[in-house]
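Engineer: Here it is, the structure in full.
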Amino acid sequence: MYYNIMSFDYDKLLKDASGVLSQKNKFEERLKVPIPDIIYEGKSTIIRNFIDIADMLNRNPQDIVKYMTKEFGIGANISQRRLIINRKIKESEIKEKMDEYMATYVLCYECNSPDTAIEKTGRTYLLVCKACGAQHPIRATREIKEEETELSENKTYNVTVTEIGRSGEGHARYGEYTIYIPNVKKGQNVKVLIKKIKRNIAIAEVVK
């Protein structure tokens, strides 16, 4: 069935979407970075699950170490599955730097998906998204704006359609939300009006 915007039953689609996305959300949950398991030994800070974090991000652990040492201005080394930083650093500071690393080197600049890879073209490193297909040169820094990850009903947003659902509706990602949009095509950039929100699912329509 293909949804018609004129007879669009937002409440019904929200209910249907909850079931359709249940398994998908479980998969996406596994893509979230685990909280750093931090302990202190003497003057050192140890992230005990560092390799687990690197594996989850699908990034070279040494690249993350280079980023952390540059940002903190202190030496660090990997020992087994742990990262040992040569001074005491607050957990909040480590989390902040990990969030910045993800924003710059992991999360898609278009749809915010973590399902990305870094590819080199000539002298340029690109962040390539496997979800929406977007490709962007990696920026040296990327400002993190928490308010941009929140959706509100009756407000408009610019999004990219990353896939087409079983019923013909488009799906777009916005922060932690999956937005259902009728009458769109995969890869299309559209301005949408949010009609209904339930948990992390939103129903929208295209604004001309």
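Engineer: If R₀ is 45 angstrom, what is the calculated FRET efficiency for the pair residue 139 and residue 167, using the beta carbon separation as r and rounding to 0.05?
Structural biologist: For residue 139 and residue 167, the calculated efficiency is 0.80.
Engineer: Separate question: Rounded to the nearest 20 debye, what is the charge dipole size of region 76-128 about its Cα centre when +1 sits on each Lys and Arg Cβ and -1 on each Asp and Glu Cβ?
Structural biologist: Numbers: 9 positive and 8 negative charges, 92 e Å.
The dipole of region 76-128 has a size of about 440 debye.
Engineer: Same structure, new question: Rg to Rh ratio, region 45-114, alpha-carbon atoms and Kirkwood radius?
Structural biologist: A ratio of 0.96.
Engineer: Let me ask something else. Suppose the chain between residue 176 and residue 92 were pulled fully straight at 0.36 nm per residue; how much longer would it get relative to their current alpha carbon spacing?
Structural biologist: 28.1 nm
Engineer: Further, regarding this structure: Could you tell me the ratio Rg/Rh of region 68-208? Both radii from Cα atoms, Rh via Kirkwood.
Structural biologist: My calculation of the ratio gives 1.07.
Engineer: Exposure proxy check: 174, 40, 105, 180 ranked by fewest other beta carbons within 10 Å?
Structural biologist: Ranked by crowding around the Cβ, least crowded first: 40, 105, 174, 180.
Engineer: So, with +1 on the Cβ of K and R and -1 on the Cβ of D and E, and no other charges, what is the size of the charge dipole of region 41-174 about its Cα centre, to the nearest 20 debye?
Structural biologist: 740
Engineer: Let me ask you something else. Going down the table (90/186; 66/155; 90/198; 66/130; 120/186; 97/195), which pairs top 32 Å between alpha carbons?
Structural biologist: Long pairs (Cα-Cα over 32 Å): 90/186; 66/155; 90/198; 97/195.
Values quoted throughout were computed directly from the atomic coordinates according to the rules given, and no laboratory measurement underlies them. Note that the structure is a prediction, hence the values are computed from the model and not measured. No Cβ is skipped: glycine too gets one built from the backbone with ideal geometry, and neighbour counts run over all protein chains shown.
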